[in-house]
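The values are calculated or read from the model by the stated rules, or taken from the named source; none is laboratory data. Just so it is clear, the structure is predicted and the values come from calculations on it, not from any experiment. Glycine gets a Cβ as well: all are built from the backbone with ideal geometry, and neighbour counts include every protein chain shown. Protein only, heavy atoms only, side chains kept; ligands, DNA and RNA dropped before computing areas. Shrake-Rupley method; radii C 1.70, N 1.55, O 1.52, S 1.80 Å.
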Amino acid sequence: MLITAQGNAPVGSEADQAATDVAEKLSRLPSVAAVQAPARAADQTAVLVTFTMKGDAKAATAALPDVDAQVTAAQAAHPGVVLAQTGSASTSKGNGKQLGSDLARAEMITFPVTLVILFIVFGALMAAAVPLILAISSVGTALGLYGLASFVFPDAGGAVANVVLLMGMAVGVDYSLFYLKRIREERARSGGRLSHTQAVELAAVTSGHTIMVSGMAVIFSLVGLYFVDDVIFSSIATGSIIVVLVAMAGSLTALPALLSKLGKRVDRRSVRRRGVLPTSEMPSRVWQSLLRPATQHPLVTLVVAAGLMLLLALPALGIKLRVEGNDTFPRSIPAIAAYDRMARLFPAEGIAHFVAVKAPAAEKATVNAALVQLSDRAQADPHFARTDHPRISTSADGTVSTLEIPVPTGTNAPASITSLKIVRDTLVPQTLGAIPGLDYAVSGQVARSIDYVDHQASRTPLVIAFVLLVTFVMMSFAFRSIVIGLVGVLLNVLSAAAAFGALVAVFQGTWAQRLLGFTSGGFITSRIPLILFVILFGLSMDYQVFVVSRIRERMLAGQPTREAVADGITRSASVVTSAAVVMVSVFVSFMFVSLTELKQIGFGLAAAVILDAVVIRILILPSVLTLLGPRSWWPSKPPVGTPAPATVCAGVEERVA
């Protein structure tokens, strides 16, 4: 509890009275274990009352309302001073409240913008509402099911809802677009011979198959997060898998039923009035022009486009990973602002290293002497904050003792990391290490940040290998082609690397701080790379499966490779572009929140989708497939020259005839 005078003036007797009052009030609470004597800052501008809560972090957070009530009462009794509360439970609660407010604002941006984009795409309000309904219902249902799953699987709390919203909006809108665009395209292509219901049946067979393949690819990619062996990653994987399953189930059942029921009400207004299908549903000449470099000059296009992607990926080689903490949370949170001032006025009350020792009770005196020696040696080093006496605590049975060694710098500051190395590599081995039979370890905010990153680094190769293998197997199985599977993996890796490079260039530096509204800590939040990698691979599969399926359809219809590539990508251009625009708008909305971690997720996903939908789809993928030609389908025979009646479309048209 930091007590200051109005206007940051030197504190007087009222601050001392307020400190005594709040200390007495807190000491009477059953949730408070101990209250320290008030202390004055060296410059006489603040008084600090430190108190310890009972139980773990969850129990402390649950008891905060009782603490808040006492603080409010003390503030009312002493209007001449300002009482500000901070601490791990307070900052966590304040951060959660700020995040909830930010996400509500992001949702207020996301839903209307998505609806407007879809209305522009489809030209009909009913058609625009369908994808949004599927996405929102998928998110709501998934969160409900995740609540049930949390009784079985570990739950990391609020982080899951954020990712579920992102994934649900992305796949829900994607799947609906696949259906609606295919329905319109087939009706336009048939010249009106297909009824709306028959077009829905055709979309269910073609786009439904694509949704199944891409959805399972997303799910299998998300399974890779379980290999991290971390509650946050496991929770995100569980929530994301549930929302994808719900979206898939809705797309294969409720969506075609709804589209059949709505009938021609999903058409443009002009179509409903005149009863004539527009030619705009057919391939655009603009897209044919954009694809010309890749199909006419594939080698040059591939070299230039891949070179640009690799150049964009270069900053990722210098990525620095750290765990977010008080030094990166929004300063608008009252508890964070109070922490900043407290750490400046009382350096010994900021972050600290905790040395824990376990030994027989008979060794209590020996352990205590070693900890005192350790504390004294730390006091002689400028990397550590000054304390009046060694901060040693011992358990009631005398078997466990702890020493708190405060540092005057932030959790992720280079000086703090250096101080941890000094404690672990020098001070502890030279004091506690000299006593046989002791078990000891060093924890604290800095240690947790470093060790958490190291743990992730040890698991990252396993996650990457699993996701790459799954992607390769899924693509190879879906198209009966090892080459297509390999191409899919390589293009996804290139897209992810370029997105990481852009992320590092923006958030690890300071040049974009004002533009995007964040304070750079000189690092990327440690969880971001793995989360982005897995999600990006999954979402990229949506595009690749859809586009390659269209190319294969054209080859089945008898077109040679070059024409099939151009025609397949052109025919899928509008739906992929529409889906990409919607996803980018959803991801960009997360850049309006205060938490830097969510800004990084939103930016990384938006950048990856743009690169994937533009550079990969328009330049690199068609260049590769054109160069490979019939070899793209090895070891299967090229799907060229298959009679057209074998296609689903021809079968439906035969029934119509």
Number of the condition not met by Gly208 [criteria: (1) open to solvent by less than 20 Å² (accessible area, probe 1.4 Å); (2) under 17 Å from the mean Cα position of the chain (by Cα)]: (2)
Name the residues in the stretch 188-204 that are at pLDDT below 80 and within 29 Å of Phe111 (Cα to Cα), would you? His196
Lone unmet requirement of (1) touching a strand residue (DSSP E or B) at 6+ places or on another chain (Cβ under 6 Å); (2) over 30 Å from Ile336 (Cβ atoms) for Ser481: (1)
With respect to Ala129, determine if the residue is over 31 Å from the mean Cα position of the chain (by Cα) and either in a helix (DSSP H, G or I) or farther than 30 Å from Val463 by Cα (or both). no
Among (1) modelled with pLDDT under 95; (2) assigned to a helix (DSSP H, G or I), Leu311 falls short only on (1)
Looking only at the stretch 178-197, which residues are over 20 Å from Leu134 (Cα atoms), in a helix (DSSP H, G or I) and open to solvent by 40 Å² or more (accessible area, probe 1.4 Å)? Arg189
Here, strands (runs of 3 or more DSSP E) confined to the stretch 1-102 with at least 2 residues that are under 16 Å from Tyr339 (Cα atoms), open to solvent by 40 Å² or more (accessible area, probe 1.4 Å) and among the small types (Gly, Ala, Ser) are none
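One line per residue, one yes/no per condition, for (1) of a type in the set (Asp, Glu); (2) in contact with an Asp or Glu (Cβ under 6 Å, 6 or more places away or on another chain); (3) at pLDDT 90 or above:
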| site | (1), (2), (3) |
| --- | --- |
| Val588 | no, no, no |
| Leu595 | no, no, no |
| Leu598 | no, no, no |
| Ile620 | no, no, yes |
| Val624 | no, no, yes |
| Ser632 | no, no, no |
| Pro638 | no, no, no |
| Thr642 | no, no, no |
| Glu654 | yes, no, no |
What are the residues in the stretch 338-362 that are open to solvent by 50 Å² or more (accessible area, probe 1.4 Å), part of a helix (DSSP H, G or I) and touching a strand residue (DSSP E or B) at 6+ places or on another chain (Cβ under 9 Å), if any? Pro347, Glu349
Pair list, Cβ under 7 Å, 6 or more apart: the stretch 493-507 residue under 13 Å from Ile610 (Cα atoms), other residue of a type in the set (Lys, Arg) and surrounded by fewer than 24 Cβ atoms within 10 Å (Cβ to Cβ): none
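Any chance the stretch 493-500 includes a residue that's in a helix (DSSP H, G or I), open to solvent by 20 Å² or more (accessible area, probe 1.4 Å), of a type in the set (Val, Ile, Thr) and within 26 Å of Ala579 (Cβ to Cβ)? Give the steps one after another, and end with the answer.
Residues of the stretch 493-500 that are in a helix (DSSP H, G or I), as a first pass: 493-500.
Now narrow it down to the ones that are open to solvent by 20 Å² or more (accessible area, probe 1.4 Å): 493-494, 497, 500.
Next cut, of a type in the set (Val, Ile, Thr) only: 493.
From what is left, the residues that are within 26 Å of Ala579 (Cβ to Cβ) are 493.
Within the stretch 493-500, one or more residues are in a helix (DSSP H, G or I), open to solvent by 20 Å² or more (accessible area, probe 1.4 Å), of a type in the set (Val, Ile, Thr) and within 26 Å of Ala579 (Cβ to Cβ).
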Within the set of pairs 6 or more residues apart or between chains, which connect a residue that is touching a residue at least 24 places away in the same chain (Cβ under 8 Å) and closer than 16 Å to Ala348 by Cβ inside the stretch 393-415 to a residue that is among the aromatic types (Phe, Trp, Tyr) and open to solvent by less than 20 Å² (accessible area, probe 1.4 Å) with Cβ atoms less than 6 Å apart? Ile405/Phe384; Val407/Phe384
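Yes/no matrix, rows are residues, columns are (1) of a type outside the set (A, V, I, L, M); (2) within 21 Å of Gly250 (Cα to Cα):
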position	(1), (2)
Thr141	yes, yes
Ala156	no, no
Val171	no, yes
Phe178	yes, yes
Thr210	yes, yes
Phe227	yes, no
Filter result for Arg28 (free of Cβ contacts under 8 Å to residues at least 60 places away in the same chain, basic (Lys, Arg) and under 16 Å from Glu14 (Cβ atoms)): no
Residue, nearest to Glu324 (Cα to Cα), within the stretch 443-454, restricted to residues that are open to solvent by less than 20 Å² (accessible area, probe 1.4 Å) and hydrophobic (A, V, I, L, M, F, W, C): Val446
Set Thr86, Thr20, Thr91: member being β-branched (Val, Ile, Thr), modelled with pLDDT under 90 and within 25 Å of Arg386 (Cα to Cα): Thr91
Would it be correct to say that Phe233 is surrounded by 20 or more Cβ atoms within 10 Å (Cβ to Cβ), over 24 Å from Ser578 (Cβ atoms) and in contact with a Lys or Arg (Cβ under 9 Å, 6 or more places away or on another chain)? yes
Just to check your reading of the model, which residue among Leu403, Leu427 is in a helix (DSSP H, G or I) and either buried (at least 17 other Cβ atoms within 10 Å of the Cβ) or more than 38 Å from the chain's Cα centre (by Cα) (or both)? Leu427
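Out of the residues in the stretch 211-229 meeting the condition of being open to solvent by 10 Å² or more (accessible area, probe 1.4 Å) and modelled with pLDDT of 90 or more, tell me which one is nearest to Ala478 (Cα to Cα).
So the first thing to find is which residues in the stretch 211-229 are open to solvent by 10 Å² or more (accessible area, probe 1.4 Å), and the list is 212-213, 216, 219-220, 223, 226-227, 229.
Filter once more, so that each one left must be modelled with pLDDT of 90 or more: 219, 223, 226-227.
Details: Ile219: 15, Val223: 19, Tyr226: 25, Phe227: 25 Å.
Looking at the filtered set, the residue picked out is Ile219.
Does the stretch 171-181 include one or more residues that are among the hydroxyl-bearing types (Ser, Thr, Tyr) and under 19 Å from the mean Cα position of the chain (by Cα)?
Restricting attention to the stretch 171-181, the residues satisfying the condition of being among the hydroxyl-bearing types (Ser, Thr, Tyr) are 175-176, 179.
After this cut, where a residue has to be under 19 Å from the mean Cα position of the chain (by Cα) as well, the list is none.
Scanning the stretch 171-181 turns up no residue that is among the hydroxyl-bearing types (Ser, Thr, Tyr) and under 19 Å from the mean Cα position of the chain (by Cα).
Let's see how each residue does on (1) open to solvent by 10 Å² or more (accessible area, probe 1.4 Å); (2) of a type in the set (S, T, N, Q):
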residue: Thr519; (1), (2): yes, yes
residue: Ile524; (1), (2): no, no
residue: Val545; (1), (2): no, no
residue: Glu563; (1), (2): yes, no
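Please enumerate the residues belonging to the stretch 430-442 that are open to solvent by less than 50 Å² (accessible area, probe 1.4 Å) and either in contact (Cβ under 8 Å) with a residue 40 or more places away in the chain or under 16 Å from Pro347 (Cα atoms) (or both). Give the steps one after another, and end with the answer.
Quick first cut of the stretch 430-442, residues open to solvent by less than 50 Å² (accessible area, probe 1.4 Å) only: 431-433, 435, 438, 442.
Those that are open to solvent by less than 50 Å² (accessible area, probe 1.4 Å) and either in contact (Cβ under 8 Å) with a residue 40 or more places away in the chain or under 16 Å from Pro347 (Cα atoms) (or both): Thr431, Leu432, Ile435, Leu438, Val442.
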Return a yes/no flag: does the stretch 462-478 have any residue that is open to solvent by 20 Å² or more (accessible area, probe 1.4 Å) and either at positive phi or in a loop (DSSP other than H, G, I, E, B) (or both). no
Among the residues listed as Phe587, Phe592, Phe603, the single one being touching a Leu at 6+ places or on another chain (Cβ under 7 Å), in contact (Cβ under 8 Å) with a residue 40 or more places away in the chain and open to solvent by 30 Å² or more (accessible area, probe 1.4 Å): Phe603
With the condition kept exactly as written, say whether any residue in the stretch 131-138 is crowded, with 24+ Cβ neighbours inside 10 Å, in contact with a helix residue (DSSP H, G or I) (Cβ under 9 Å, 6 or more places away or on another chain), of a type in the set (A, V, I, L, M, F, W, C) and touching a residue at least 40 places away in the same chain (Cβ under 8 Å). yes
Residue under evaluation Gly522, criteria (1) part of a helix (DSSP H, G or I); (2) at pLDDT below 90, criterion not met: (1)
Identify, by number, the condition in (1) free of Cβ contacts under 8 Å to residues at least 40 places away in the same chain; (2) within 30 Å of Phe178 (Cα to Cα); (3) acidic (Asp, Glu) that Asp56 doesn't meet. (2)
